[in-house]
1. First measure r as the distance between the Cβ atoms of Arg27 and Ala110, then evaluate 1/(1 + (r/R0)^6) with R0 = 35 Å and state the FRET efficiency to the nearest 0.05.
2. Tell me, in nm to one decimal, what length is gained between Arg55 and Asp84 on full extension, where the rule is 0.36 nm per residue of separation less the Cα-Cα distance?
3. Regarding segment 1-45, what are the three Cα extents along the principal axes, ordered largest first, in Å?
4. Between segment 1-69 and segment 104-125, what's the alpha-carbon centroid distance in Å?
5. Using 7 Å Cα-to-Cβ label points, what is the Ser125/Arg45 separation (nm, one decimal)?
6. Rank Ala96, Val78, Ser124 by how far each Cα sits towards the positive end of the charge dipole of segment 70-125 (+1 on Lys, Arg Cβ; -1 on Asp, Glu Cβ) and give me just the farthest.
7. Once the convex hull of the C-alpha atoms of the chain is built, how many Å³ does it hold per residue, rounded to a whole number?
8. Of the listed peptides 58-70, 77-89, what is their order by residue-averaged count of other C-beta atoms within 10 Å, with the highest listed first?
Amino acid sequence: QVQLVESGGGLVQTGGSLRLSCAVSGRTSSQYTIGWFRQAPGSERVFVATLFRGRTAYYADSVKGRFTISRDNAKNTVNLQMNDLKPDDTAVYYCAGDTGMILSSITNHAQYDDWGQGTQVTVSS
């Protein structure tokens, strides 16, 4: 049983920064994949970034160069550093995890088995 808990959301102005954290509890392997998805009001849940099997970072084109995903093994957390935020980044952000993820599925939310409760990010214009 794996539990994921997001934190760090809030209200920020355009151009500002936020750091989201995903705390991981339970038994995971070194191959465990943790990613971030977001869902704006009235929109579908879309891929943001992931650490594939704990090693390789991948990003959506919309956030590349602005967001950075990283992990802190000592604290069992995965972070999403978000810089140069834009109003279009406004959404509920979800942390998601999976054991045995395959590369071709990393952008598909339906392929992740473990989910956090979400944290709201609002970027004002």
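All of the numbers you see were taken from the coordinates with simple rules; none came from a lab. Here the structure is a predicted model, which means the values were calculated and not measured. Here the Cβ positions follow ideal geometry from the backbone for every residue, glycine too, while neighbour counts run over all protein chains shown.
1. After rounding to 0.05, the efficiency reads 0.90.
2. 7.9 nm
3. Ordered largest first, segment 1-45 gives principal extents of 38, 23, 15 Å.
4. Segment 1-69 and segment 104-125 have Cα centres separated by 7 Å.
5. Each label point lies 7 Å from its Cα, and together they span 2.7 nm.
6. Looking along the dipole axis, the top candidate is Val78.
7. Dividing the Cα hull volume of the chain by its residue count gives 95 Å³.
8. Listed from highest to lowest mean packing, they are 77-89, 58-70.
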